[in-house]
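**Q** I am attaching a structure below and will ask some questions about it afterwards.
The values are calculated or read from the model by the stated rules, or taken from the named source; none is laboratory data. Quick caveat: nothing in here was measured; it's all calculated off a predicted structure. For neighbour counting, all protein chains shown are included, and Cβ atoms are generated from backbone atoms with ideal geometry for every residue, glycine included. Ligands, DNA and RNA are excluded from the accessible area calculation, which covers all protein heavy atoms including side chains. Shrake-Rupley method; radii C 1.70, N 1.55, O 1.52, S 1.80 Å.
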Amino acid sequence: MTTNFYAIAVYTVFVLVFMPSIIAYMASLGGVQFVKAGKVDDFCLRYALVTHANMKKIRVAGIEVDVSALLMYLVHGNSMSQFGVRNGQRVFVEKISNGMRNGITTHPMLMFNIVGMGKWQSQYKLRKFISYIEMGTPNWDEVYESNKEYITALTRDAFVAAMQRKQVKVDLEHERHILSVTYNEHSRALEYSLHPVSSLFGVVKYAA
């Protein structure tokens, strides 16, 4: 019994500690990185082995599009399903320059860096842009009024209360943030969150 217990313990340690790193390394040789479309703490390896890992062209609404200058990622999760992007799809991302991080004028799907994630797990997450939140103490009533077309899941009071809870967890005093929306697969509801502009990685241009 002791031998069996030891064997199980060794196997468990190997699976939990070494196997993810081995898989990630093997996949990095010819794989595509995952981007999380869901809760940040949901488990997701960094790489996936897929066919057509170097797609140069795709068809969008029947039209051939050149994506050779874009970065391809594989979506893990359904938090963007309300916006037309689902688990298992590929997204083609334009990496954003430092100078353009503060210049978004439409409402695209964005890709953010995940801070502090283990190197063998996915380093990115998807969110839908709503607006910028300036440094200082936001007036959430005004934010709601300016963006109520895109804040459809909460009443004004519920939104204000939710954002007041969230703002204590971020550094609004020293950095401009982005207000975004995502679909929570567990609660089956749209949720709103804040992300520092410096964590913005790129803009999703196409999904296929």
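**Q** Sort out which residues of the stretch 24-40 are within 19 Å of residue 125 (Cα to Cα), part of a loop (DSSP other than H, G, I, E, B) and at pLDDT below 85, and write them in order of number.
**A** Passing the criteria: only 31.
**Q** Shifting gears a bit: Given the options 110, 126, 194, name the one that is in contact with a Lys or Arg (Cβ under 6 Å, 6 or more places away or on another chain) and within 22 Å of residue 67 (Cβ to Cβ). Step through it out loud before you land on a result.
**A** Numbers: 126 fails: in contact with a Lys or Arg (Cβ under 6 Å, 6 or more places away or on another chain); 194 fails: within 22 Å of residue 67 (Cβ to Cβ).
Going through 110, 126, 194 in turn, the sole match is 110.
**Q** Mind checking which residues of the stretch 157-189 are over 19 Å from the mean Cα position of the chain (by Cα), in a helix (DSSP H, G or I) and in contact (Cβ under 8 Å) with a residue 12 or more places away in the chain? I'd like the intermediate steps shown before the answer.
**A** Taking the stretch 157-189 as the starting set, the residues that turn out to be over 19 Å from the mean Cα position of the chain (by Cα) are 157-165, 167-168, 171-175.
Filter again for in a helix (DSSP H, G or I), leaving 157-165, 167.
If the condition is that a residue be over 19 Å from the mean Cα position of the chain (by Cα), in a helix (DSSP H, G or I) and in contact (Cβ under 8 Å) with a residue 12 or more places away in the chain, then 159, 160, 162, 163, 164, 167 are the ones that fit.
**Q** Quick one: residue 164 ticks every box in (1) in contact with a strand residue (DSSP E or B) (Cβ under 8 Å, 6 or more places away or on another chain); (2) of a type in the set (S, T, N, Q); (3) open to solvent by 20 Å² or more (accessible area, probe 1.4 Å) except a single one, so which number is it?
**A** Exception for residue 164: condition (1).
**Q** Looking at (1) more than 14 Å from residue 193 (Cα to Cα); (2) open to solvent by 70 Å² or more (accessible area, probe 1.4 Å); (3) out of contact with any Ser or Thr (no Cβ under 8 Å at 6 or more places or on another chain); (4) at pLDDT below 95, which one does residue 155 not meet, given that it meets all the others?
**A** Here residue 155 clears every test but (4).
**Q** A further question follows. State whether one or more residues within the stretch 102-116 are under 17 Å from residue 203 (Cβ atoms), touching a strand residue (DSSP E or B) at 6+ places or on another chain (Cβ under 6 Å) and open to solvent by 40 Å² or more (accessible area, probe 1.4 Å).
**A** Yes: the stretch 102-116 contains one or more residues that are under 17 Å from residue 203 (Cβ atoms), touching a strand residue (DSSP E or B) at 6+ places or on another chain (Cβ under 6 Å) and open to solvent by 40 Å² or more (accessible area, probe 1.4 Å).
**Q** Taking the stated definitions as given, is residue 164 within 30 Å of residue 50 (Cβ to Cβ) and either among the polar types (S, T, N, Q) or modelled with pLDDT of 95 or more (or both)?
**A** Working: within 30 Å of residue 50 (Cβ to Cβ): no; either among the polar types (S, T, N, Q) or modelled with pLDDT of 95 or more (or both): yes.
The answer is no for residue 164.
**Q** Applying the selection to the stretch 58-101, what residues are touching a Ser or Thr at 6+ places or on another chain (Cβ under 7 Å) and open to solvent by 50 Å² or more (accessible area, probe 1.4 Å)?
**A** Matches in the stretch 58-101: 76 only.
**Q** Turning to a different aspect of this structure: Within the set of pairs 6 or more residues apart or between chains, which connect a residue that is of a type in the set (Gly, Ala, Ser) and modelled with pLDDT of 95 or more inside the stretch 70-90 to a residue that is surrounded by fewer than 16 Cβ atoms within 10 Å (Cβ to Cβ) and in a strand (DSSP E or B) with Cβ atoms less than 8 Å apart?
**A** 79/184
**Q** Does any residue in the stretch 135-154 that is in a helix (DSSP H, G or I) come within less than 7 Å, Cβ to Cβ, of a residue that is open to solvent by 50 Å² or more (accessible area, probe 1.4 Å) and not charged (D, E, K, R) six or more places away or on a different chain, and which pairs are these?
**A** 140/164
**Q** Right, something else. Of all residues being of a type in the set (Phe, Trp, Tyr) and not in a strand (DSSP E or B) in the stretch 74-129, which is farthest from residue 187 (Cα to Cα)? Just the residue, please. Spell out how you get there, then give the answer.
**A** From the stretch 74-129, those of a type in the set (Phe, Trp, Tyr) are 83, 92, 112, 120, 124, 129; that's our starting set.
Imposing the further condition that a residue be not in a strand (DSSP E or B) reduces the set to 83, 120.
Values: 83: 17, 120: 27 Å.
If we take residues in the stretch 74-129 being of a type in the set (Phe, Trp, Tyr) and not in a strand (DSSP E or B), then 120 is farthest from residue 187 (Cα to Cα).
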